[in-house]
Each structure stands twice: as structure tokens, then as C-alpha cells.
Amino acid sequence: MQALYTIQEVAIFMFQICGFLMGLLAIWILVLAGAELYRYRKCQMDKNKRRKKWG
């Protein structure tokens, strides 16, 4: 009986899956960092508006 895949093919497939997951993780981290920065900026703008309003 012949093996379904060689060890080399399985290793390449595993590397592809790991690379894909690492890419997803990097994108997710960038999205979270962007959302945090946006929230921080929005909060700072609100503080500045309040300061201008009250003198």
C-alpha cells in the first residue's frame, strides 16, 4: 500500500497553514492596534472640545 502523502508534502502543507495563521494573527493585531489608536484619538478630540467649550 502506497502512502497518501510523503513527509515532504505534509511538511510543506503544515508550513502553509502556519504561514496563513501567522498572517491572520498579524492582521488581527494591526486591526486591534488601529481601533485602540482611533479610540484614543477620539477621546483626545472630545477632551479638546470640552476645554474649548468651557474656556
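Can you pull the percent of the chain's accessible area that's carbon plus sulfur, 1.4 Å probe, other chains left in place?
That fraction is 70 percent.
Which residue, Phe13, Gln2, Leu37, has the largest displacement toward the positive end of the dipole of the chain when charges sit on each Cβ (Lys, Arg +1; Asp, Glu -1)?
Leu37
Once both labels are modelled 7 Å past Cα along the beta-carbon direction, what's the Ile27-Lys49 spacing in nm?
It is 3.3 nm.
Using the heavy atoms of the protein chains and a 1.4 angstrom probe, tell me the accessible area per residue for the chain in square angstrom.
Roughly 108 Å² per residue, with all protein chains present.
Would you look at the GNM of the chain, springs on alpha carbons closer than 10 Å, and say which of Ala26, Ala11, Ala35 moves the most?
Ala11
Tilt of helix 7-54 relative to the longest C-alpha principal axis of the chain, in degrees (0 to 90, nearest 10)?
Relative to the chain, helix 7-54 is tipped by roughly 0 degrees.
Can you work out D for the chain in µm² s⁻¹ from Stokes-Einstein, where Rh is the Kirkwood radius over C-alpha pairs, the temperature is 4 °C and the viscosity is 1.567 mPa s?
D = 85 µm²/s.
In nm, give the distance between the simple-model label positions of Thr6 and Tyr40, each being 7 Å from the Cα along the Cα-to-Cβ direction.
The modelled label-to-label distance comes out at 5.0 nm.
Chymotrypsin sites (Phe, Trp or Tyr not before Pro) within the chain: which are DSSP loop residues with at most 13 other Cβ atoms inside 10 Å?
Tyr5
The values are calculated or read from the model by the stated rules, or taken from the named source; none is laboratory data. This is a predicted model, so every value here is computed, not measured. Please note: Cβ atoms are built from the backbone with ideal geometry, for glycine as well, and neighbour counts cover all protein chains shown. The area values use the complete protein model at the heavy-atom level, side chains included, leaving out ligands, DNA and RNA. Shrake-Rupley method; radii C 1.70, N 1.55, O 1.52, S 1.80 Å.
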